[in-house]
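Q: Before I ask anything, here is the structure I am working with.
The values are calculated or read from the model by the stated rules, or taken from the named source; none is laboratory data. Values in this document were obtained by computation on a predicted structure and should not be read as measured data. Cβ atoms come from the backbone with ideal geometry, glycine included; neighbour counts cover every protein chain shown.
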Amino acid sequence: MSSLTQGTHDRFEEMANLVGPAMLRFARRRADPETAEDVVAEALLVLWRRLDEVPADGATPWALGVTRWCLANAERSARRQRGLVAKVACLSTSGDVVPPPGDEDQPLHHALATLSTNDRELLRLWAWDDLRPGEIAIVLGISTKNVSVRLHRAKQRLATALSNVEGGAAVTPPSELPSHQGKRTK
Amino acid sequence: MNKDVETRLRSADPLERDTPEQHDRDRRWLRARISAVATTSGLAVSRTAHRRTTLVAVAAAAAVLAGVGGAAIAGAFDSVKRQPAAEAPMEIAMAPDAPSMASCVPFSVETLAEMPVAFSGTVTEDDGKRVMIQVDRWYQGGDTDQVSLVAPDASMTSLDGMLDFEDGQRYLVTAGSGVVNYCGFSAVWSEQLANDFMMAFDAN
């Protein structure tokens with residue numbers, strides 16, 4: 001192996017070890033385990049090819065943006081292959097999440113399900129992936145200011161939706177909820 | 001959002017219930033995967049670097065042949081820019097909005113690799129003015145679910161060489177400078193061309 005290739009090899013391993021765990025967690029939150037691994041494997045290849053493009057001050061959100069892009073491709077491919085739809089029904093970069101177990105906070109999940117896909121993704125990036133607005137902006141390819149405004153509104157809408165769910169107010173009918181949300185009630 | 005809602009939202013993270021065994025499994029899988037990519041991708045990267053160097057000459061020749069301004073193919077050599085995530089369809093013109101004297105650059109995987117926009121998808125709508133394509137795979141330059149191809153004003157441009165996009169048909173499409181590239185760089189989906197796209201964009 002030449003010194004150039006060895007250098008690239010070392011830089012990739014260092015970067016992948018830095019961002020890889022976040023990439024895998026990101027994918028596992030949004031897809032079934034097998035799909036998540038397939039997506040991260042593809043995202044790691046993209047990371048290798050674009051190693052020189054990784055921003056020094058935003059490597060993790062940049063890598064999550066790549067993972068999100070790979071997830072979207074997987075989702076499109078799944079939609080095309082109707083036979084696989086059931087397998088990846090919970091997979092979405094913009095919509096649903098991995099089904100909660102029976103002991104999960106069902107009112108919260110119902111409230112989340114009434115929000116727009118954009119609101120849900122913003123809240124997940126913030127609360128689950130633990131990203132700051134500036135990092136979310138890198139993942140989504142939009143401005144930090146835009147993220148801050150939209151995130152603030154998404155939090156307000158979640159609080160209102162949760163209040164409605166727990167207060168028994170009318171919410172989105174179950175037919176419009178993701179299938180796993182409608183089925184997994186206590 | 002009050003603290004209670006925030007706490008509940010954070011607690012709803014599906015990975016909150018991960019066991020130490022799951023963490024170990026993830027760590028092992030990642031370590032193996034990273035090692036596999038680093039070990040097996042060296043050749044591919046060397047090949048890509050060689051290809052980029054070669055393309056400088058190809059692009060320069062194309063610019064001379066086609067004329068630098070307004071040529072459909074010359075647009076293919078724009079720098080690659082990822083489109084921000086969006087729900088609205090990406091809009092691409094099916095032809096330049098003015099007559100063009102573009103010449104075709106012979107098809108090659110190397111030239112294909114320089115296309116800033118590349119995807120495969122199926123035509124879902126065609127109203128004569130606009131062709132809507134449902135994207136099933138992005139190879140380069142976008143992440144929208146749909147692409148809208150805007151038909152040119154027939155009085156302003158030559159339709160020679162353009163693809164006839166048919167409802168229900170699957171295509172492989174490339175574009176540069178917001179215009180579809182033809183000359184074999186966009187065509188009805190075929191296994192051969194799909195393989196070329198995969199090679200060009202190092203896709204799996």
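The rows are residues; the columns are (1) over 23 Å from B:Gln140 (Cα atoms); (2) within 11 Å of chain B (Cβ to nearest Cβ); (3) surrounded by 15 or more Cβ atoms within 10 Å (Cβ to Cβ); (4) of a type in the set (D, E, K, R).
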residue	(1), (2), (3), (4)
A:Arg11	yes, yes, yes, yes
A:Met15	no, yes, yes, no
A:Ala41	no, yes, yes, no
A:Leu45	no, yes, yes, no
A:Asp57	yes, no, no, yes
A:Trp62	no, yes, yes, no
A:Gly65	no, yes, yes, no
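Q: Right, here's the next one. So, in segment B:90-128, exactly how many residues are modelled with pLDDT under 85, closer than 20 Å to B:Tyr171 by Cβ and touching a Ser or Thr at 6+ places or on another chain (Cβ under 7 Å)?
A: Counting residues in segment B:90-128 that are modelled with pLDDT under 85, closer than 20 Å to B:Tyr171 by Cβ and touching a Ser or Thr at 6+ places or on another chain (Cβ under 7 Å) gives 3.
Q: Moving on. Quick one: in segment B:7-30, of everything that is within 7 Å of chain A (Cβ to nearest Cβ) and of a type in the set (Asp, Glu), which residue is nearest to A:Val40 (Cα to Cα)?
A: Here the residue is B:Asp26.
One line per residue, one yes/no per condition, for (1) surrounded by 15 or more Cβ atoms within 10 Å (Cβ to Cβ); (2) closer than 26 Å to A:Leu24 by Cβ; (3) more than 20 Å from the chain's Cα centre (by Cα):
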position	(1), (2), (3)
A:Leu125	yes, yes, no
A:Asp129	yes, yes, no
A:Glu135	yes, yes, no
A:Ile142	yes, yes, no
A:His152	no, no, no
A:Gln156	no, no, yes
A:Ala159	yes, no, yes
A:Leu162	yes, no, yes
A:Val165	yes, no, yes
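Q: Taking into account only those residues within segment A:131-170 that are small (Gly, Ala, Ser) and within 14 Å of A:Leu64 (Cβ to Cβ), which is nearest to the other protein chains (Cβ to nearest Cβ)?
A: Per the criteria, the residue is A:Gly141.
Q: Under the condition of being β-branched (Val, Ile, Thr) and more than 36 Å from the chain's Cα centre (by Cα), which residue from segment B:1-38 is modelled with the lowest pLDDT?
A: Once the filter is applied, the top-ranked residue is B:Val5.
Q: Out of A:Ala161, A:Ala137, which single residue is at pLDDT 90 or above and farther than 25 Å from B:Asp143 by Cβ?
A: A:Ala161
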